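One structure is given here, and the rest of the page talks about it.
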Amino acid sequence: MKTLDISKTNYKVSDFLTWQKAGSLVLSPSFQRRPVWEPGAKSYLIDTVVRGLPMPIIFLREQKSDLTTFEPKREVVDGQQRIRTLVSYIAPSFIKDINPARDIFTVKRSHNKELYGKKFSELPGETQQAILDYEFSVHILPSSTDDREVLEIFARMNATGVKLNDQELRNAKFYGEFKTSMYKISSEQLNKWRTWKIFTENNIARMEEVEITSEFALLILKGLTGKTQASISKIYNDKDAEYPECAEVERRFRIIMDTIDDTLGDGLKYVPFSKKTLFYTLFAFIYHCQFGLKSPIEKVNTKPISNDIVAKIKLLGKRLQNKTAPEQILEAATRRTTNLNSRQALFNYLVKETNIG
């Protein structure tokens with residue numbers, strides 16, 4: 001059985017630029033053709049580099065030295081889009097087949113307000129230096145590694161058998177205003193998600209808290225809806241380029257989450273509303289109390305939640321738990337809880353029993 005001698009090291013962005021300028025970097029091996037990234041993905045990458053956040057490993061393969069320049073050549077077998085994005089942002093003239101429509105871009109405001117719309121040459125010196133000094137973890141395959149072995153390596157790396165869920169697919173597809181907002185405000189609530197036991201660590205790892213946050217944004221924008229992956233993806237697409245309601249939706253989301261924490265807090269995990277499907281109903285009800293369902297997206301003062309309403313929420317939670325609520329409500333709470341009719345029935349039950357108009 002053949003064992004590959006893979007070396008592991010770190011290289012700076014400036015190293016890749018130097019190799020590209022010298023012609024000793026091969027960015028597009030024939031067996032690894034991939035779709036060109038959208039501008040949003042490129043913008044996200046630059047912001048990631050500026051913030052010094054980690055990225056997946058870059059894989060290179062050594063090639064024989066050039067007989068004219070005597071320079072060793074390196075082939076990018078995984079990571080070519082990341083490297084091409086950085087080179088085209090920093091020094092586009094280094095790319096021989098540069099296509100301005102495809103390769104030239106600037107950072108989006110939603111990713112980094114300080115870098116928004118600026119070329120690399122227009123950035124402050126310390127920011128330029130941070131980008132050039134950013135280090136990638138790199139694995140280098142020996143030149144004796146043939147294409148078949150490279151493909152086998154990546155087949156093994158991706159052979160987990162775990163299919164990407166819908167939110168993970170959205171994360172890979174969208175890089176615009178709505179996505180940036182959803183990931184930001186959902187991560188702000190990480191301690192609450194954990195304390196309330198809404199999600200397991202595996203749920204969080206698979207971005208389920210981002211998905212429900214997206215549903216809450218949809219609720220704030222459009223009112224009660226049934227849960228469909230198509231409707232969630234549509235709002236990501238519709239608000240990808242422009243999301244004018246962003247600041248107000250974020251403000252309202254934070255207020256509702258804080259209200260739930262202040263009124264129910266740790267006790268939430270002991271009532272049925274900690275089940276994520278029923279948590280949607282609780283969020284919708286609290287939102288209705290404080291803002292009014294389908295209220296215009298403009299900055300308005302919130303209405304306080306009385307102790308009496310909080311007590312009734314807890315009582316209704318116990319009825320659901322003890323199965324003493326009306327039969328149709330129990331059915332809505334246990335079957336197809338993401339269906340619009342079920343959500344509407346549960347919401348109406350809370351409204352009626354608490355005398356909220």
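The values are calculated or read from the model by the stated rules, or taken from the named source; none is laboratory data. Note that the structure is predicted; figures quoted are calculated from it, not measured. Please note: Cβ atoms are built from the backbone with ideal geometry, for glycine as well, and neighbour counts cover all protein chains shown.
Determine whether Asp78 is surrounded by 17 or more Cβ atoms within 10 Å (Cβ to Cβ) and farther than 27 Å from Asn237 by Cα. Can you show your working first?
On the way: surrounded by 17 or more Cβ atoms within 10 Å (Cβ to Cβ): yes; farther than 27 Å from Asn237 by Cα: yes.
Criteria met by Asp78.
Any residue at all in region 337-349 that is over 25 Å from Val210 (Cβ atoms), assigned to a helix (DSSP H, G or I) and at pLDDT below 90? Within region 337-349, none of the residues are over 25 Å from Val210 (Cβ atoms), assigned to a helix (DSSP H, G or I) and at pLDDT below 90. Assessment of region 148-160 against the conditions (surrounded by 12 or more Cβ atoms within 10 Å (Cβ to Cβ), in contact with a helix residue (DSSP H, G or I) (Cβ under 8 Å, 6 or more places away or on another chain) and not aliphatic (A, V, I, L, M)) yields no matching residue. If you go through region 185-199 and keep only what is free of Cβ contacts under 8 Å to residues at least 24 places away in the same chain and either among the small types (Gly, Ala, Ser) or within 22 Å of Lys173 (Cβ to Cβ) (or both), you end up with just Ser187.
Residues of region 320-332 being in a helix (DSSP H, G or I) and surrounded by fewer than 17 Cβ atoms within 10 Å (Cβ to Cβ), which ones?
Once the filter is applied, which keeps residues that are in a helix (DSSP H, G or I) and surrounded by fewer than 17 Cβ atoms within 10 Å (Cβ to Cβ), region 320-332 yields Gln321, Asn322, Glu327, Gln328, Leu330, Glu331.
Evaluated against (1) in contact (Cβ under 8 Å) with a residue 24 or more places away in the chain; (2) surrounded by fewer than 16 Cβ atoms within 10 Å (Cβ to Cβ), Pro244 falls short on exactly one condition, (1).
Within region 105-122, can one find any residue that is within 24 Å of the chain's Cα centre (by Cα) and among the β-branched types (Val, Ile, Thr)? Checked against the condition, which is being within 24 Å of the chain's Cα centre (by Cα) and among the β-branched types (Val, Ile, Thr), region 105-122 yields at least one hit.
If a residue counts only when it is over 17 Å from the mean Cα position of the chain (by Cα), which helices (runs of 4 or more DSSP H) contained entirely in region 195-304 have at least 3 such residues? Give the steps one after another, and end with the answer.
Numbers: elements: 201-205, 208-222, 229-238, 246-263, 276-290.
Passing ranges, in order: 208-222, 246-263, 276-290.
Screening Ile305 against (1) at pLDDT 95 or above; (2) under 25 Å from Ala325 (Cα atoms) leaves a single unmet condition, (1). Cβ separations smaller than 8 Å between residues 6+ apart or across chains give the following pairs from region 215-232 residues that are without any contact (Cβ under 8 Å) to a residue 60 or more places away in the chain and in the same structural domain as Lys276 (by TED's automatic domain parsing) to residues that are part of a helix (DSSP H, G or I) and hydrophobic (A, V, I, L, M, F, W, C): Ala217/Phe178; Ala217/Met182; Ala217/Ile235; Ala217/Val249; Ala217/Phe253; Leu218/Ile232; Leu218/Ile235; Ser231/Leu218.
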